[in-house]
Amino acid sequence: SLSDDIANVRSDIRTLVEDLRRICGNLRPPTIDSLGLGAALQSYLHDWSRRTGIEVVLEIDENFGRLPEAIELSIFRIVQEGLNNIWKHAEASQANVTLKHTSPRMLLISIADDGEGLQKNFNFGELSETGHFGLLGISERVALMGGRLDFQNLNGGGLLVQVEIPHPRVTRPE
């Protein structure tokens, strides 16, 4: 009947709206705007850990303060892509994310895991062929921000990804 059809359409629209909200939330995490990068990352890492079963620890400089919106979003994306890479490739049980100022205008983002690391003959130029789109995405973002990307296998196993980016002067929280 018509009323059934209308009920079904309504239900489909509701589902669609929920999906869109979720997608938009993933594109621009609402917590970044209101609570800042630290809280947005904390919340994301908590969900990520629950979803993947990989324990993750976040360390952020105490007086981190706020950064320009575009930079906060880029850092969030870099962490997201780094963790996605760990989940897809590393077979890790633990990850560490660290954000700290190495100087008043330089920021270091480290993402480490205890997984398998990269193969000995790893070639950065073949990232997309080997399915490492996360690392590729990170390298593109870092290049756009005029930063440096470095990764190396850790002695005890696992991979350390380090991103250093310059940023405008940070406004300290009042």
Expected single match for open to solvent by less than 90 Å² (accessible area, probe 1.4 Å), within 18 Å of Leu107 (Cβ to Cβ) and under 16 Å from the mean Cα position of the chain (by Cα) among Glu59, Glu69, Glu81 is Glu81
Just checking, how many residues over the range 129-146 are open to solvent by 60 Å² or more (accessible area, probe 1.4 Å) and of a type in the set (S, T, N, Q)? 1
Please determine, by comparing only the residues of the range 130-171 that are in a helix (DSSP H, G or I) and either in contact with a Ser or Thr (Cβ under 6 Å, 6 or more places away or on another chain) or more than 16 Å from Glu81 (Cα to Cα) (or both), which one is modelled with the lowest pLDDT. Leu136
Tell me, yes or no, whether the range 112-128 has at least one residue that is open to solvent by 70 Å² or more (accessible area, probe 1.4 Å), over 20 Å from Ile60 (Cα atoms) and of a type in the set (S, T, N, Q). yes
Boolean, Trp87 is of a type in the set (Phe, Trp, Tyr) and either open to solvent by 70 Å² or more (accessible area, probe 1.4 Å) or in a strand (DSSP E or B) (or both): yes
Could you tell me whether the range 93-105 includes any residue that is open to solvent by less than 20 Å² (accessible area, probe 1.4 Å), at pLDDT 95 or above and over 14 Å from Trp48 (Cα atoms)? yes
Residue count, the range 47-97 (criterion: over 18 Å from Val161 (Cβ atoms), of a type in the set (Lys, Arg) and touching a residue at least 60 places away in the same chain (Cβ under 8 Å)): 1
Does the range 49-58 contain at least one residue that is over 18 Å from Gln94 (Cβ atoms), modelled with pLDDT of 90 or more and of a type in the set (A, V, I, L, M, F, W, C)? no
Restricted to the range 1-23 and to residues being among the polar types (S, T, N, Q) and under 30 Å from Tyr44 (Cα atoms), the residue modelled with the lowest pLDDT is Thr15
Condition set of a type in the set (A, V, I, L, M, F, W, C) and either outside any strand (DSSP E or B) or more than 11 Å from Val79 (Cα to Cα) (or both), scope the range 106-118, selection modelled with the lowest pLDDT: answer is Leu118
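The values are calculated or read from the model by the stated rules, or taken from the named source; none is laboratory data. Remember, it's a predicted structure, so these values are computed and weren't measured experimentally. Cβ coordinates were reconstructed from backbone atoms using ideal geometry, including for glycine residues, and neighbour counts include every protein chain displayed. We work out accessible area using only protein heavy atoms, side chains counted, and drop any ligands, DNA or RNA first. Shrake-Rupley method; radii C 1.70, N 1.55, O 1.52, S 1.80 Å.
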